[in-house]
Amino acid sequence: MFSILDLVFVAFVAVVYGGAYVFLYSTQSKREPRLPPTVIPYLDPPIGIAKEKVNYLVNLRMKYKLPIFTLRMPFQRLYVVNAAELIRIIQAKTNLGTFVPNLLDFGLLFSGVNKETQEFLRSAAATQGNSFTVSVHKFLAQGPTLQVATRTAVDRLAASVRNSFGLPRINQVGLLEIIRHDLMRALTGAIYGPENPYDDPEVEASWQAFVPGITHLLYSVPRLTARKALRARSRIHIAFTKYFETGGHHQAFAMIPEIFEWNRRSGISLPEAAKLEMATSLAMLSSGAITAFWLLFHICSNPEVLEQCRAELAELVSTKTESTADAQVKVVDLSLLKKKCPTMIAMLNETLRYHSTLINIKKVDHNTTLAGQYLLKKDAIIMIPGTAVHHDPEIWGPSATTFDHRRLATSEGQKKLQSTLSFRPFGAGSTMCPGRHFSTNVMLSLVAIVLLQFDIKPAEGRWVMPTKWKADLWNAMPKPDADIPVRINPRESVQAVHWKFVWGDNAGQDADAKQED
């Protein structure tokens with residue numbers, strides 16, 4: 001028997017549910033992109049994203065095959081764009097004032113700056129642009145300063161990889177774990193200089209403890225759900241405050257003191273300026289190690305490709321081979337990688353195409369009609385999932401959802417790499433990642449250094465691609481659900497060789513082919 005309280009509760013739920021359902025459809029214009037069927041009004045999208053991450057958007061695209069659709073969340077409209085023609089219109093320069101980038105809010109949310117700093121930076125960005133993005137473009141887009149940063153990172157890699165990968169081991173080691181450590185030290189060391197806070201193992205560990213909490217900082221109540229991440233962030237804040245107080249930035253890459261001085265001249269306090277380095281750190285560290293992990297996995301798990309990559313890397317060895325009393329010294333100029341190693345570059349680009357889950361985010365500045373058909377309402381968020389493009393059979397053929405680097409060896413494949421309508425792992429237009437050249441230079445260098453010196457075998461005896469179901473929605477590259485245990489040994493055929501890795505002055509190779517917006 002149901003009690004009166006049970007009946008009252010059921011009636012209350014029915015009224016709330018019915019009211020939410022009516023309100024949802026009564027406030028959805030018939031001119032807006034279609035709403036996929038919903039079971040729980042306003043809550044289906046956050047529940048779906050929490051459970052399926054980026055696959056939620058992929059599954060909706062595959063199920064309903066809509067060029068654009070609407071998701072309604074509490075207090076927010078999302079327009080998810082899948083069709084290439086609509087993406088082209090949104091990216092068009094004539095629409096820059098209508099569909100505006102929305103990355104600053106993301107950076108402010110996880111950096112932990114106070115409300116005063118947030119308000120100032122939003123105001124400054126509206127009139128002067130994002131100072132961080134401007135500086136990264138200035139120093140890392142291409143040219144001599146990019147060469148300097150890359151050379152410093154390669155010097156660090158050459159030393160650290162020799163020690164970490166070459167360390168005698170009885171047991172296996174996690175492939176992602178060892179890559180992440182070496183790449184983190186190289187990237188941050190090149191940018192922050194000899195006083196790099198991340199050279200402190202406790203600060204490095206704090207960063208690893210912070211990253212899993214980013215999702216909670218964005219979508220939940222972090223003081224309840226991400227206390228460990230908040231404590232880790234606080235330790236990083238303290239480390240960077242000390243770094244600036246003691247003048248560590250004066251020995252850093254030129255970008256760091258420029259951003260810091262701009263912040264201070266603008267009235268941002270030193271502790272608040274230190275907090276903003278969380279954004280710089282995330283830009284450097286969010287995807288590089290994961291991309292290198294997937295790249296090494298695909299190369300090492302394919303013996304034919306591994307042999308091709310090593311043969312091409314042998315072409316980078318200087319003809320001025322040096323000799324010592326006990327070993328042959330081979331000088332490898334890694335600045336030639338992008339020119340002389342087509343197989344590795346194809347593997348990198350296919351890794352980016354196949355795995356990238358970057359979602360380009362824009363905000364609708366005012367009510368507008370897209371393609372003369374779809375009403376997009378002011379303050380709604382536009383989401384362009386990279387997978388909608390990268391796994392589209394109409395763009396990449398029937399094998400779009402499989403990994404095959406050979407597709408990029410054709411002239412047609414090369415042409416597709418030049419357009420952000422078919423290849424967008426770094427975003428597109430004004431929000432395209434300005435540090436992509438630095439990141440790919442260092443990633444490729446790490447992989448090259450490892451392949452020339454070491455053999456990597458899976459501890460379980462065969463290579464098995466890990467799943468990615470738990471990957472964070474905010475990250476451009478999906479982290480594997482589990483690391484791959486591997487055994488690392490020096491290559492027998494080159495044990496008598498002493499390797500010297502350098503980054504030469506081969507101008508022009510840093511900037512990859514320009515993509516069309």
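Rundown of residues vs (1) under 29 Å from PRO490 (Cβ atoms); (2) out of contact with any strand residue (DSSP E or B) (no Cβ under 9 Å at 6 or more places or on another chain); (3) not in a helix (DSSP H, G or I), yes/no style:
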{"position": "ALA190", "(1), (2), (3)": "yes, yes, no"}
{"position": "TYR243", "(1), (2), (3)": "no, yes, no"}
{"position": "TRP262", "(1), (2), (3)": "no, yes, no"}
{"position": "ILE268", "(1), (2), (3)": "no, yes, yes"}
Under 8 Å between Cβ atoms, at least 6 apart or on separate chains: pull out the pairs that start in segment 420-433 with a residue that is over 15 Å from GLU350 (Cα atoms) and end on any residue that is hydrophobic (A, V, I, L, M, F, W, C) and at pLDDT below 85. GLY429/LEU96; SER430/LEU96; THR431/LEU103
Would you check if ALA159 is without any contact (Cβ under 8 Å) to a residue 40 or more places away in the chain and over 24 Å from TRP499 (Cα atoms)? no
Number of positions in segment 461-488 that are in contact with a strand residue (DSSP E or B) (Cβ under 7 Å, 6 or more places away or on another chain) and either without any contact (Cβ under 8 Å) to a residue 40 or more places away in the chain or of a type outside the set (A, V, I, L, M, F, W, C) (or both): 3
Residues located in segment 64-87, provided they are more than 17 Å from GLN28 (Cβ to Cβ) and buried (at least 16 other Cβ atoms within 10 Å of the Cβ): PRO67, VAL81, ASN82, ALA83, ALA84, LEU86, ILE87
When every residue in segment 358-415 that is under 22 Å from the mean Cα position of the chain (by Cα) and in a loop (DSSP other than H, G, I, E, B) is compared, the one surrounded by the fewest Cβ atoms within 10 Å (Cβ to Cβ) is THR402
Counted residues in segment 260-307 being under 22 Å from THR357 (Cα atoms), of a type in the set (Val, Ile, Thr) and modelled with pLDDT under 95 come to 1
Among the listed residues VAL442, VAL450, identify the single one that is in contact with a Gly (Cβ under 8 Å, 6 or more places away or on another chain), closer than 30 Å to THR152 by Cβ and in contact (Cβ under 8 Å) with a residue 60 or more places away in the chain. VAL442
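The values are calculated or read from the model by the stated rules, or taken from the named source; none is laboratory data. Just so you know, these numbers come straight off a predicted model, no measurement behind them. Ideal geometry is used to build each Cβ from the backbone, glycine not excepted, and the neighbour counts take in all protein chains shown.
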